[in-house]
């Protein structure tokens, strides 16, 4: 009987180690949320937790080149808020907290409707992997985004959903109109922010566009 117990403990010991390591990592990440005062900056803990959950799965699947950089766009907030957060999880630093516009058919001040359809002019929720920086005649410098959730945002490249700068994503626009302007579905940033942000998050990092949506959370392969 004692031999069986010893053998069972030997089998289970690595499992206990993994569980303990996982708990420590979760505790460390919660400390990052509190350390960076992300809640005070408007980011919900649910958005942060779900973003980490998806990042971990993408990392396990070998789809991320740099898993220490995490970008969260929290579309549950007003467009008058700085609702995009670029976090260096390794260095425990908030690299950027800036304005970001949503699609014109997604809503006015608040983002309420989302779509993966071409021509919808709506934003799409879910997880993206950042690609390379490009320069175009229409929007200038931009960051290519790969939507990786089937049926949710996987038509992003076909729809030319990119991160780019726009004059309607500025404080001046908010002062004039009471909210940010809107894109064709792209997450658009203030013109002075697009280059430093794109340089920081390009090349295989995780981007999560969030709003609490039971239908999305239920159907997301990365969150289930």
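No value in this document is a laboratory result; all are computed from the given coordinates. Quick caveat: nothing in here was measured; it's all calculated off a predicted structure. Cβ placement follows ideal geometry from the backbone for every residue including glycine, while neighbour counts extend to all protein chains displayed.
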Cβ-based exposure ranking for 143, 89, in which fewest neighbours within 10 Å come first: 89, 143
Using a Förster distance of 25 Å, the FRET efficiency for residue 45-residue 113 (Cβ separation, nearest 0.05): 0.50
Listed values [x] 24; [y] 50; [z] 27, entry calculated as percent of Cα pairs over 30 Å apart: [x]
Additional length obtainable on full extension of the chain from residue 134 to residue 34, 0.36 nm per residue less Cα span: 32.5 nm
Between helix 2-35 and the chain: long-axis angle, C-alpha atoms, 0 to 90°, nearest 10: 30 degrees
Degrees separating the helix 45-60 axis from the principal Cα axis of the chain, which is the longest one: 70 degrees
Cubic angstrom per residue, convex hull over Cα atoms of region 135-188: 88 Å³
Three-way shape call for region 104-153 based on the alpha-carbon gyration tensor, with the a/c threshold at 1.5: oblate
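For the chain, give me the percentage of DSSP beta bridges that are antiparallel, rounded to the nearest 5 percent.
Working: 25 of 34 bridges.
Approximately 75 percent, going by the DSSP bridge assignments.
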Between 0 and 90°, nearest 10: helix 191-201 axis offset from the chain longest Cα axis: 20 degrees
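Could you list 186, 206 in order of exposure, starting from the residue whose Cβ has the fewest other Cβ atoms within 10 Å? The partial results should precede the final answer.
Values: 186 26, 206 29.
By the 10 Å Cβ count, ascending, the order reads 186, 206.
Rounded, prolate or oblate for region 58-169? Axes are the square roots of the Cα gyration tensor eigenvalues, ordered a ≥ b ≥ c, and the cut-off for rounded is a/c under 1.5. Could the numbers behind the result be given before it?
Values: a/c = 1.40, a/b = 1.19, b/c = 1.17.
Rounded is the answer for region 58-169, as its axis ratio a/c remains below 1.5.
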